[in-house]
Amino acid sequence: MKTITKNAITRALVKFNLVTAVIACSTFAQAGTVQTLNFTDQHAPNWGMQQYGGFAVSPGSTFKVVMTPDAAKDLDGESEVSMYVNWDSAPAIFGSKFVCSPSHASNDYYAQEVCELTVPLGVSTAHVGISGFSFFAYHDLTITHEAPKVETFAGPIGNTEWVYKEFPVTPGRGFKVEVTPIIGDDHSETDVYVQFDSQPWYNNYSCKSMLADDLTDVCEIIVPEGASKAVVGIIGSGFHVSYDAKVTY
């Protein structure tokens, strides 16, 4: 019979330096499609945490992780594995650096653990950590996520000239534009506007970013219900200006 509890283990674990083994395998997943990754016969280090990720994710999409402990390989009857998920950086028990941990809600040490989360706006990667509490902490892991589409475009732009580009979008998903001006003098810049289903203008936009000098302009917004396309508008200010634009959606 097991005499140590998860809470006790968690309190004790913060006294140790976690062993981290990073597995980065889906950062380059095909964009815009649902990816299902299976990791079988995995072993979490004793008193440590094995890390998976980061996995490129799209705001508004679902990130799902299923971790199944392998009771058959628990040779000492004292094995335990716990799952943690975090956004944009590796999870850690110390400091409660995680956004999901089903292990904190269960006393069944061999129960399947599931985290199913909607990716929030501003997040670009998801990370999974599996902590082990014996020498026989084996598990299987399934991760399902959707990588965003990324498109780039660039070119020159004149003073007060507008450049427009359209993108098909899905309501409820994130849409992000980053525009970096390449300027020829200290008085030149670009500004970026986004509108859905029509061209943006000075008084017609859902998102705008207007920064001074050569800083990168960023517009990031959730696509509203009913929208079918996003129109990016870039306006130049000054002379001898060009731009690099990156759209993530």
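The values are calculated or read from the model by the stated rules, or taken from the named source; none is laboratory data. Quick caveat: nothing in here was measured; it's all calculated off a predicted structure. Backbone-built Cβ (ideal geometry, glycine too); neighbour counts: all protein chains shown. The protein model used for the area step is the full one, side chains on, heavy atoms only, and it has no ligands, DNA or RNA in it. Shrake-Rupley method; radii C 1.70, N 1.55, O 1.52, S 1.80 Å.
One line per residue, one yes/no per condition, for (1) open to solvent by 40 Å² or more (accessible area, probe 1.4 Å); (2) at pLDDT 95 or above; (3) within 18 Å of residue 147 (Cβ to Cβ):
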residue	(1), (2), (3)
26	no, no, yes
29	no, no, yes
57	no, yes, yes
62	yes, yes, yes
95	yes, no, no
_residue 63 being over 30 Å from residue 173 (Cα atoms), touching a Leu at 6+ places or on another chain (Cβ under 8 Å) and either touching a residue at least 60 places away in the same chain (Cβ under 8 Å) or of a type in the set (A, V, I, L, M, F, W, C) (or both)_ = no
*Identify, from the list 170, 144, 152, the residue that is in contact (Cβ under 8 Å) with a residue 24 or more places away in the chain, within 22 Å of residue 32 (Cα to Cα), exposed (fewer than 14 other Cβ atoms within 10 Å of the Cβ) and within 21 Å of the chain's Cα centre (by Cα).*
152
*If you scan segment 114-128, which residues turn out to be surrounded by 13 or more Cβ atoms within 10 Å (Cβ to Cβ) and either of a type in the set (Ser, Thr, Tyr) or assigned to a loop (DSSP other than H, G, I, E, B) (or both)?*
119, 120, 121, 123, 124, 125
*From the list 202, 193, which one is touching a Lys or Arg at 6+ places or on another chain (Cβ under 7 Å) and of a type outside the set (A, V, I, L, M)?*
193
*Set 192, 163: member being modelled with pLDDT of 95 or more, open to solvent by less than 60 Å² (accessible area, probe 1.4 Å) and in contact with a Cys (Cβ under 6 Å, 6 or more places away or on another chain)*: 192
*Can you spot a residue in segment 170-185 that is within 16 Å of residue 240 (Cα to Cα) and polar (S, T, N, Q)?*
yes
*Among the residues of segment 207-220, write down those that are within 9 Å of residue 177 (Cβ to Cβ) and open to solvent by 10 Å² or more (accessible area, probe 1.4 Å).*
207, 209, 218, 220
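Yes/no per residue for (1) modelled with pLDDT under 95; (2) within 25 Å of the chain's Cα centre (by Cα):
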{"residue": "180", "(1), (2)": "yes, yes"}
{"residue": "214", "(1), (2)": "yes, no"}
{"residue": "219", "(1), (2)": "no, yes"}
{"residue": "223", "(1), (2)": "no, yes"}
{"residue": "246", "(1), (2)": "no, yes"}
*asked:* Quick test of your reading of the structure: residue 138 fulfils all but one of (1) surrounded by 14 or more Cβ atoms within 10 Å (Cβ to Cβ); (2) farther than 26 Å from residue 117 by Cβ. Name the failing condition by number.
replied: (2)
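Here is a yes/no grid of residues against (1) among the aliphatic types (A, V, I, L, M); (2) under 30 Å from residue 114 (Cβ atoms); (3) touching a helix residue (DSSP H, G or I) at 6+ places or on another chain (Cβ under 9 Å):
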site: 146; (1), (2), (3): no, yes, no
site: 153; (1), (2), (3): no, no, no
site: 157; (1), (2), (3): yes, no, no
site: 162; (1), (2), (3): no, no, no
site: 167; (1), (2), (3): no, no, no
site: 176; (1), (2), (3): no, yes, no
site: 179; (1), (2), (3): yes, no, no
site: 190; (1), (2), (3): no, no, no
site: 196; (1), (2), (3): no, no, no
_Checking residue 111 against (1) open to solvent by less than 60 Å² (accessible area, probe 1.4 Å); (2) assigned to a loop (DSSP other than H, G, I, E, B); (3) within 30 Å of residue 224 (Cα to Cα), only one condition comes out false. Which one?_
(3)
_So, in segment 225-249, exactly how many residues are surrounded by fewer than 20 Cβ atoms within 10 Å (Cβ to Cβ), touching a strand residue (DSSP E or B) at 6+ places or on another chain (Cβ under 6 Å) and in a loop (DSSP other than H, G, I, E, B)?_
1
*Looking at (1) open to solvent by 50 Å² or more (accessible area, probe 1.4 Å); (2) modelled with pLDDT of 50 or more; (3) part of a strand (DSSP E or B), which is the one condition that is false for residue 42?*
(1)
